[in-house]
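The values are calculated or read from the model by the stated rules, or taken from the named source; none is laboratory data. Just so we're clear, the structure is a prediction, and the values are computed from it rather than from any experiment. We place every Cβ from the backbone using ideal geometry, glycine too, and count neighbours over all the protein chains shown. To get the accessible areas, we keep the full protein, side chains included, count just its heavy atoms, and leave off ligands, DNA and RNA. Shrake-Rupley method; radii C 1.70, N 1.55, O 1.52, S 1.80 Å.
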Amino acid sequence: MNHPTTAFAQPHLLVDQFGARIAHQLDAAAQQLPHDVTERLRAARTQALANRRVAETVAVPVVLGQGGSAVLGGGFGFWGRAASWLPLVALTVGLLGIGTLQEEMRASEIAEVDAELLTGDLPPTAYTDPGFTQYLKVGGTD
């Protein structure tokens, strides 16, 4: 398939050609200026470069769109970074708390089973007897 190479298909070519024509005309006109004018222009350029201000860059928080979501970017400083770690710390503390609570619940369940075994009518060795296990599977006596 052929791609058209006209100026409408590639508008940057028009801009480049226009810029080249303007630069050529300015260069041609600069050659015709008197010497005193070119010296004044050179002095003005030198003075402008000496007096130019260097642009200062300042970190500013910026909201950048990425795929339909907004992301806050920019300098956070110490407290911003510390606050960004806060959810991770809260999650870790929560998981440790849940683990401790589950261990306590398991320990209390085991203690209940042990208490029932020790206070029950049967001796603990009856639970290890294979015949007793079969007796419980069949249904036992109620």
Residues within the stretch 34-60 that are open to solvent by 100 Å² or more (accessible area, probe 1.4 Å) and either more than 30 Å from GLY77 (Cα to Cα) or among the aromatic types (Phe, Trp, Tyr) (or both), tallied: 8
Positions within the stretch 65-91 being among the hydrophobic types (A, V, I, L, M, F, W, C), open to solvent by 90 Å² or more (accessible area, probe 1.4 Å) and either at pLDDT below 80 or in contact with a Cys (Cβ under 7 Å, 6 or more places away or on another chain) (or both), in sequence order: LEU72, PHE76
Hits in the stretch 114-127 - residues which are exposed (fewer than 10 other Cβ atoms within 10 Å of the Cβ) and either within 43 Å of the chain's Cα centre (by Cα) or part of a helix (DSSP H, G or I) (or both): GLU116, LEU118, THR119, THR125
